[in-house]
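Participant: Take this structure first; my questions come after.
The values are calculated or read from the model by the stated rules, or taken from the named source; none is laboratory data. On a predicted model such as this, the values are computed, not experimentally measured, just so you know. Glycine also receives a Cβ, built like all others from the backbone with ideal geometry; neighbour counts cover every protein chain displayed.
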Amino acid sequence: MTTEQLDELFFSYGYYKIPSNLPEFVFYCHREMQAVNVIQVIDYRQNPYISEDQYFHLKEKIIEFFRQKGEKEIHVMSLILCADTQKAKNLCLCDSFCWIINMTENRLIVHESQISDFYGWKGILEDYLFALPDRSGETVQENQPIERNSWDRQGISRLALVNIILVAVNVILFLICTFTGDLLYNKGALGVMYIVEDKAYYRIVSSMFLHWDLQHLFSNMIVLYYVGAVVERRIGHIPYAIVYFLAGIAGNIFSIGYQVFLGEDIVSAGASGAVFGVEGALLFLIIMHHGRLESMTAGRVAFAIAFSLYCGFTSTNVNNAAHIGGVLMGFASAAVICLIFPWGRLRKDKSL
């Protein structure tokens, strides 16, 4: 990764560059609500000598620069670009708001004493470094063993495997339905009488994987494929599966309860409740990342959810109750997961 690529990355997220007389130091800043965020990039490949006192003095000068412009709240994060991580580590460990980028391997290094995120930039850098051809762009949490399982946020695979499997299962079952007629629909679709009288509770889950027609399948799977991949990469394989199934189940239970309340018995099927749940989970994750995640904002996602719900209410043969139940459960389950597991506690370790 080159410094020119870094420029493009920061510019694409609304940061602008502050000119510096020292070529080893570059500053990017961006207004976030009532605060100004500054990312200080130190190019350690030029072998500059920087003492701890000089390092903190430089940060103080940055804060003073913005205070003279009338800013009251300034957050400064440092990125050290290096080839010799040990040398950079000696400087980085003196400050909690500092990460290292190994320019040789295109790898983000976050020590366990460092802040776990800075306004979503950990994920942004991970995704950007991962897309570069040289390395996987994975983050290494130093001073801890590197776990290669889905519960370790630091070493989580960037492949949204669970999401791919879920999309594949939905598509395969739809293809089977095209050859078997109403067989699977009769056995797996959701209805009040199936649940209340027949006690066929499995239909609450089986109906999540059945779709009435190609348009029904396509509209759900296209959203799931793109949105689900983002959510799974952020929270991990198993937590994502939990969110998906909880949202789908909650949506179907909400649907059954609503039909009982109205005295109706409508047979329904589809992954819409689970898909809306994934969108609700994404909304929570964006909120946790201070309103922005990758190229998405909380406002845009909230509008997309609201517009989808509106379209459902203005259309016929749409299970709106399942949509509402799904999105609420998706948001709530993502909140619980992110508050329980360490990678979700973005703001608890250290406050800005």
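Participant: Looking at the range 184-270, what helices (runs of 4 or more DSSP H) fall wholly within it and have at least 3 residues that are at pLDDT below 90 and more than 25 Å from Val162 (Cα to Cα)?
Facilitator: Numbers: elements: 192-196, 203-206, 214-235, 237-262.
Output list reads 192-196, 237-262.
Participant: A further question follows. Which of the residues belonging to the range 75-96 are part of a loop (DSSP other than H, G, I, E, B) and either more than 19 Å from Phe56 (Cβ to Cβ) or out of contact with any helix residue (DSSP H, G or I) (no Cβ under 6 Å at 6 or more places or on another chain) (or both)?
Facilitator: Passing the criteria: Ala83, Asp84, Leu93, Asp95, Ser96.
Participant: Using beta carbons and a limit of 7 Å, which pairs, at least six apart or on different chains, have the first residue in the range 203-230 and farther than 16 Å from Gly251 by Cα and the second one surrounded by 14 or more Cβ atoms within 10 Å (Cβ to Cβ) and of a type in the set (D, E, K, R)?
Facilitator: So the pair list comes out as Val227/Glu279; Val230/Glu294.
Participant: Now for a different question. Go through the range 241-255 and give me each residue that's surrounded by fewer than 24 Cβ atoms within 10 Å (Cβ to Cβ) and of a type in the set (A, V, I, L, M). It would help to see each step written out before you state the result.
Facilitator: Residues of the range 241-255 that are surrounded by fewer than 24 Cβ atoms within 10 Å (Cβ to Cβ), as a first pass: 241-242, 245-246, 249, 253-254.
Across the range 241-255, the qualifying residues are Ala241, Ile242, Leu246, Ile249, Ile253.
Participant: Among Ser272, Ser268, Ser315, which is surrounded by fewer than 20 Cβ atoms within 10 Å (Cβ to Cβ), among the polar types (S, T, N, Q), closer than 23 Å to Leu214 by Cβ and out of contact with any Asp or Glu (no Cβ under 8 Å at 6 or more places or on another chain)? Give the derivation first.
Facilitator: Values: Ser272 fails: surrounded by fewer than 20 Cβ atoms within 10 Å (Cβ to Cβ); Ser268 fails: surrounded by fewer than 20 Cβ atoms within 10 Å (Cβ to Cβ).
It is Ser315.
Participant: I'd like to know if the range 77-96 contains one or more residues that are of a type in the set (D, E, K, R), closer than 17 Å to Asn37 by Cα and at pLDDT below 85.
Facilitator: From the range 77-96, those of a type in the set (D, E, K, R) are 84, 87, 89, 95; that's our starting set.
Filter once more, so that each one left must be closer than 17 Å to Asn37 by Cα: 95.
Those left that are additionally at pLDDT below 85: 95.
Checked the range 77-96: at least one residue is of a type in the set (D, E, K, R), closer than 17 Å to Asn37 by Cα and at pLDDT below 85.
Participant: Inspect the range 230-240 for any residue being under 30 Å from Ala200 (Cβ atoms), surrounded by fewer than 21 Cβ atoms within 10 Å (Cβ to Cβ), more than 14 Å from the chain's Cα centre (by Cα) and not assigned by TED's automatic domain parsing to the domain that holds Ile124 and give the result as yes or no.
Facilitator: Yes, there is a match, as at least one residue in the range 230-240 is under 30 Å from Ala200 (Cβ atoms), surrounded by fewer than 21 Cβ atoms within 10 Å (Cβ to Cβ), more than 14 Å from the chain's Cα centre (by Cα) and not assigned by TED's automatic domain parsing to the domain that holds Ile124.
Participant: Please identify the pairs in which a residue from the range 79-93 that is in contact (Cβ under 8 Å) with a residue 40 or more places away in the chain and not assigned by TED's automatic domain parsing to the domain that holds Leu125 has its Cβ atom under 8 Å from the Cβ atom of a residue that is crowded, with 16+ Cβ neighbours inside 10 Å and assigned to a loop (DSSP other than H, G, I, E, B), counting only partners at least 6 apart or on another chain.
Facilitator: Final answer for the pair search is none.
Residues checked against (1) in contact with a Ser or Thr (Cβ under 9 Å, 6 or more places away or on another chain); (2) in contact (Cβ under 8 Å) with a residue 24 or more places away in the chain; (3) charged (D, E, K, R); (4) in the same structural domain as Arg233 (by TED's automatic domain parsing):
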{"site": "Gly263", "(1), (2), (3), (4)": "no, no, no, yes"}
{"site": "Ile266", "(1), (2), (3), (4)": "yes, yes, no, yes"}
{"site": "Ala269", "(1), (2), (3), (4)": "yes, yes, no, yes"}
{"site": "Ser272", "(1), (2), (3), (4)": "yes, yes, no, yes"}
{"site": "Val278", "(1), (2), (3), (4)": "no, yes, no, yes"}
{"site": "Leu285", "(1), (2), (3), (4)": "no, yes, no, yes"}
{"site": "Met288", "(1), (2), (3), (4)": "no, yes, no, yes"}
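Participant: Right, next: Inspect all residues belonging to the range 139-147 and state whether any of them is surrounded by 20 or more Cβ atoms within 10 Å (Cβ to Cβ), in contact with a Leu (Cβ under 6 Å, 6 or more places away or on another chain) and modelled with pLDDT under 70.
Facilitator: yes
Participant: Filtering the range 101-117 down to residues that are part of a loop (DSSP other than H, G, I, E, B) and free of Cβ contacts under 8 Å to residues at least 40 places away in the same chain, which residue is nearest to Ala131 (Cα to Cα)? First the steps, then the outcome.
Facilitator: Start the filter on the range 101-117 by keeping residues that are part of a loop (DSSP other than H, G, I, E, B), which leaves 103-106, 112-117.
Filter once more, so that each one left must be free of Cβ contacts under 8 Å to residues at least 40 places away in the same chain: 104-105, 112-114.
Working: Thr104: 15, Glu105: 12, Glu112: 25, Ser113: 27, Gln114: 24 Å.
Only one residue fits best here, namely Glu105.
Participant: Out of the residues in the range 271-293 that are outside any helix (DSSP H, G or I) and touching a Gly at 6+ places or on another chain (Cβ under 7 Å), which is modelled with the highest pLDDT? Let's see the steps before the verdict.
Facilitator: Restricting attention to the range 271-293, the residues satisfying the condition of being outside any helix (DSSP H, G or I) are 271, 289-293.
Of the ones still in play, those that are also touching a Gly at 6+ places or on another chain (Cβ under 7 Å) are 271, 289-290, 292-293.
Details: Ala271: 89, His289: 71, His290: 68, Arg292: 69, Leu293: 68.
Per the stated criteria, the residue is Ala271.
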